[in-house]
1. Roll a 1.4 angstrom probe over the protein heavy atoms and tell me the percent of accessible area of region 1-110 that is carbon or sulfur.
2. Over region 187-260, give the accessible area per residue in Å² for a 1.4 Å probe, as an integer.
3. Let me have the relative contact order for region 105-260, percent, based on Cα pairs under 8 Å that are six or more residues apart.
4. Provide the per-residue ³J(HN,Hα) series for region 179-184, in order, calculated from phi with Karplus coefficients 6.51, -1.76, 1.60 and θ = phi - 60°, each as a whole number of Hz, with x at glycine and proline positions.
5. Tell me the Kirkwood hydrodynamic radius of region 93-231 in angstroms, computed as one over the mean inverse distance between distinct C-alpha pairs.
6. Can you work out the Karplus-derived ³J(HN,Hα) for every residue in region 200-213? Use 6.51 cos²θ - 1.76 cosθ + 1.60 with θ = phi - 60°, whole Hz, and x for glycine or proline.
7. Hey, any idea what % of region 119-260's accessible area is carbon plus sulfur with a 1.4 Å probe?
8. Regarding region 1-78, what whole-number volume in Å³ per residue does the convex hull of its Cα atoms give?
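The values are calculated or read from the model by the stated rules, or taken from the named source; none is laboratory data. The structure displayed is predicted, hence computed values, not measured ones. All Cβ positions, glycine included, derive from the backbone under ideal geometry; neighbour counts span all protein chains shown. These area figures cover heavy atoms from the full protein model, side chains too; ligands, DNA and RNA do not enter into them. Shrake-Rupley method; radii C 1.70, N 1.55, O 1.52, S 1.80 Å.
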Amino acid sequence: MTHRIYAIRYGHLDRNSDLNFLGGDDHAHPMPLDYFVWVIQSAQRTVVVDTGFGAAAAAQRGRTLLRPVAEGLAAIGVKAQDVQDVVITHMHYDHAGNVPLFPSARFHVQDAEMAYCTGRAMTHGHLAAPFDADNVVDMVRRTFDGRVVFHSGDEELFPGVTVHHLPGHTLGLQAVRVATLRGPVVLASDAIHFWANLERATPYPVVANVVAYLEALRRLRTLAPSLDHIIPGHDPAVLQRFPAEPNTKDIVRLDLAPSG
Ligand SMILES: [Zn+2]
């Protein structure tokens, strides 16, 4: 079973590198974040990984929405309203907004993530800040509508598509591993924001549990045959390293060998 994987950039934020590493960066330089959603496709199905943020959240938080998520999906022929399966890697605002755009979907979430974003941890403003209560409420409503599939730890969703619980950034973050012609590709989401978080073994500063984060880095390396098979959540280099999908903007194919 092989799959195509698309990374679709929808947002951007300019910032300096000292904000991207716990403990800062001695040689601070511009190190912007890109925002992505991902699509996994086989002959059998389409799975969307994360739902991004919308215009309201972008304005509220000072992020640039380059293109609405639904338009990015449409550029590769995916209609949000028809999508059957959405994996939510974690419930932060930039990964779990736009839920109403997916009325037909089942949402795949880790038990630990829903417990985290609806429980005691959210009474700490520092931990709650990257969540939007409206997104969390949307997912609670979907739960009562029978539209959420809970996962615990590592599970197979479909042949060749598995989720892996990698806590640290949040307590219920999950990565998605996908069988492709070049081997397994791991959508690490925010287990690493940048390849540099993995290479330096240094967490991104938004971190719920530093020990778990560092253990997750080790685990990531066991899930993939090389760093090129591990896709970070926010690294602008993703768009440079992987081949562009023809006739689209800001969309690359992660199942194909990196070009640079
Ligand atoms: Zn993120």
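1. Details: 2030 of 4170 Å².
Of the solvent-accessible surface of region 1-110, carbon and sulfur hold 49 percent.
2. Working: 3020 Å² over 74 residues.
Counting only protein heavy atoms, the per-residue value for region 187-260 is 41 Å².
3. Values: 258 pairs, mean separation 28.6, N = 156.
Relative CO of region 105-260 lands at 18 percent.
4. Couplings: 6, 9, 5, 9, x, x Hz.
5. Details: mean 1/r = 0.0636 Å⁻¹.
Across region 93-231, the inverse of the average 1/r is 15.7 Å.
6. 8, 6, 10, x, 5, x, 7, 8, 7, 8, 5, 4, 5, 4
7. 55
8. Numbers: hull volume 9.2 nm³, N = 78.
Normalising the Cα hull of region 1-78 by residue number yields 117 Å³.
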